[in-house]
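One structure below.
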Amino acid sequence: MTDVPEVENIKLEENNGSSTSAADEEDFVDPWTVTSKSDTGVDYEKLIKRFGCSHIDDALIQRLEKVAGKPVHPLIRRGIFFSHRDLHTLLNMAEAGKKFYLYTGRGPSSESMHLGHLVPFIVTKWLQETFDVPLVIQLTDDEKTLWKDLTVEQSMRMARENAKDIIAIGFDVSKTFIFANLDYMGRCPAFYQNIIRIQKCVTFNQVKGIFGFGDSDVIGKIGFPAAQAAPALSTTFPFIFGNDKLPVLIPCAIDQDPYFRMTRDVSPRLGFPKPALIHSSFFPALQGAKTKMSASDVNSAVFLTDTPKQIKNKVNKHAFSGGRPTLEEHRQFGGNTDIDVSFQLLRFFLLDDDELERIRIAYTKGELLSGEIKKIAIETLQPIVAEHQVKRKDVTDEILEQFMTPRKLNYEINTKKSK
């Protein structure tokens, strides 16, 4: 890899502004905070325009299904994964038989993940199985040490606990490498070397413009974005890819896009393909879509450690309702599924499209009451969390080490000739 000596004249693609919203906009979105003044949550149409990404429209879904050879995952079909960068380009490569790899991640800020954290991993697993490609999963324990009131030791412990939750989703160990930054940095010199290459390509003013850093922020924050960018360069994993410069697809929530706008500008200057991305919408807090579920607020989220009773109590007590103030009004005018959190939970986790549509129609007509839709949501979530807990118990420290040990993964490049 060749270092690029001239770094001052970089012009970031698509959007030169901060990831945070302007003062006159209702939504605030950056990699650490998501809030909206609207009961329906973030305006994703405005966010797509502001970030400069593209819709995942019906035509792209049809093309994805054609290349995949099967229907897309419900989270894509229902528009929960709603925007992308260069997915068409990546599908061109897949059609030509060229391999790519997947990269996603998790910032470990709690001992347990919650339901919202599962969303990118569920689609990542579908993509890995569909296209038979290797996957790297980054745990940014360094980021959480810098942004949260956590010690290095606490963040490292949480990373390992979160890794067990991720493994329990069912990833193939022969095709998946999980790493935590604070550990991997010392195990693979190529990681730090690529971080330095990236840092040389982005000025202080540019990183402030992208992420909104201020003069009082600790210096570790200013350098961190390069650590999240580095896994998008395949040579960060020489034991997997050698010197091959493979394209990468990154499934993530759209609040992480600022990192990869920066990466997409830097990567071709270092001789790598621009990473492709698919973005998910935010998983709403129980209190409503004005913010997303948070690991730091126990009542805003359904955690993967919650008991059936805790899930029932949280949904019944905290889940924001789209129902009317009185029974009579609800029967007459119906409920609003756009703001009803119980229905939004079902959009994410009830896989039966016909049943979801039946519930939507019944609720909007007033035939289904708020308490009844909460009951359906509870009965949908309880077995999902219970099944995860069973699988999580089977993830021993030995299995964890298998996933987190640098090693060759089981994949082949260029499985068929280009057309």
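Compute the projected area of the convex hull of the Cα atoms of segment 334-375, averaged over all viewing directions, and report it in nm² to one decimal place.
For segment 334-375, averaging the hull's shadow over all directions gives 2.5 nm².
Which value in Å is the Kirkwood Rh of segment 185-307 over different Cα pairs?
Evaluated on segment 185-307, it is 16.4 Å.
Give me the dipole magnitude in Debye, nearest 20, for segment 83-166 about the Cα centre, with unit charges on the beta carbon: positive for Lys and Arg, negative for Asp and Glu.
With only Lys, Arg, Asp and Glu charged at Cβ, the dipole is about 120 debye.
Amide H to amide H, which residues 5 or more places from D340 or on other chains are under 5 Å from it, using H placed in the peptide plane?
G322
Of the accessible area of the chain, with the probe set at 1.4 angstrom, what percent is carbon plus sulfur?
51 percent
Could you tell me the extents of segment 190-238's C-alpha atoms along the three principal axes, largest first, rounded to whole Å?
Rounded to whole Å, the extents work out to 37, 16, 14 Å.
Amide H neighbours of G288 under 5 Å, at least 5 residues apart or on other chains, H built in the peptide plane: list them.
Amide H to amide H, under 5 Å and 5 or more residues apart or across chains, G288 pairs with F320.
Select one label from (i) 1.37; (ii) 1.10; (iii) 0.98: the one whose number is Cα Rg over 2.2 N^0.38 Å as derived from the coordinates shown.
Here the calculated entry is (iii).
Mind running the shape call on segment 292-373? Use the C-alpha gyration tensor, a ≥ b ≥ c as the square roots of the eigenvalues: rounded below 1.5 for a/c, prolate if a/b tops b/c, oblate otherwise.
Prolate, since a/c reaches 1.5 and a/b exceeds b/c.
Give the residue from L146, Q128, M113 lying farthest towards the positive end of the charge dipole for segment 106-153; charges sit on Cβ (+1 for Lys and Arg, -1 for Asp and Glu) and the dipole is referred to the Cα centre.
Value: Q128.
Cα to Cα, under 14 Å, and not fewer than 8 places away if on the same chain: which aspartates and glutamates meet these conditions relative to K408?
Cross-link targets: D172, D244.
Could you tell me the convex hull volume per residue, in Å³, taken over the Cα atoms of segment 97-207?
Taking the convex hull of the Cα positions in segment 97-207, it is 141 Å³ per residue.
Helices from the chain with mean Kyte-Doolittle at least 0.5 and a Cα length along the axis of 24 Å or more, per DSSP H: which?
115-131
Placing +1 on the Cβ of each Lys and Arg and -1 on the Cβ of each Asp and Glu in the chain, which of F28, I399, F211 has its Cα farthest towards the positive end of the resulting dipole?
The one lying farthest along the dipole's positive direction is I399.
Taking the simple approach of a point 7 Å from Cα along Cα-to-Cβ for both N92 and T307, what is their distance in nm?
The two pseudo-label positions are separated by 5.6 nm.
Compute the Rg/Rh shape ratio of segment 123-185: radius of gyration over Kirkwood radius, all on alpha-carbon atoms.
1.04
Say the dipole of segment 78-181 comes from +1 at the beta carbon of Lys and Arg and -1 at that of Asp and Glu; which of L102, H84, S155 then lies farthest toward its positive end?
H84
Decide, for segment 342-419, between rounded, prolate and oblate: order the square roots of the alpha carbon gyration tensor eigenvalues as a ≥ b ≥ c, take rounded if a/c falls under 1.5, and otherwise choose prolate if a/b is larger than b/c, else oblate.
Oblate shape, in that a/c is at least 1.5 and b/c is the bigger or equal ratio.
I need the phi-derived Karplus couplings for segment 321-336: 6.51 cos²θ - 1.76 cosθ + 1.60, θ = phi - 60°, integer Hz, Gly and Pro marked x.
Values, residue by residue: 9, x, x, 7, x, 10, 4, 4, 5, 5, 5, 7, 9, x, x, 10 Hz.
Mind putting a number on the dipole of the chain about its Cα centre? Charges go on the C-beta only, +1 for Lys and Arg and -1 for Asp and Glu, and I need it in Debye to the nearest 20.
With only Lys, Arg, Asp and Glu charged at Cβ, the dipole is about 820 debye.
Would you mind calculating the gained length between N243 and A59 on full extension (0.36 nm times residue separation, minus the Cα-Cα distance), in nm to one decimal?
62.7 nm
Roll a 1.4 Å probe over the protein heavy atoms and report the accessible area of I195 in Å², nearest 10.
10 Å²
How much length is gained if the chain between T33 and K221 is pulled fully straight, taking 0.36 nm per residue apart and subtracting their Cα-Cα distance, in nm to one decimal?
Stretched fully, the T33-K221 segment lengthens by 66.2 nm.
Counting only C-alpha contacts under 8 Å and six or more residues apart, can you give the relative contact order of the chain as a whole percent?
Relative contact order here is 22 percent.
The values are calculated or read from the model by the stated rules, or taken from the named source; none is laboratory data. Keep in mind that this is a model prediction, so the values were computed, not measured. A quick note on method: Cβ atoms are made from the backbone with ideal geometry, for glycine too, and the neighbour counts reach across all protein chains shown. All accessible areas refer to the heavy atoms of the entire protein, side chains included, with ligands and DNA or RNA removed. Shrake-Rupley method; radii C 1.70, N 1.55, O 1.52, S 1.80 Å.
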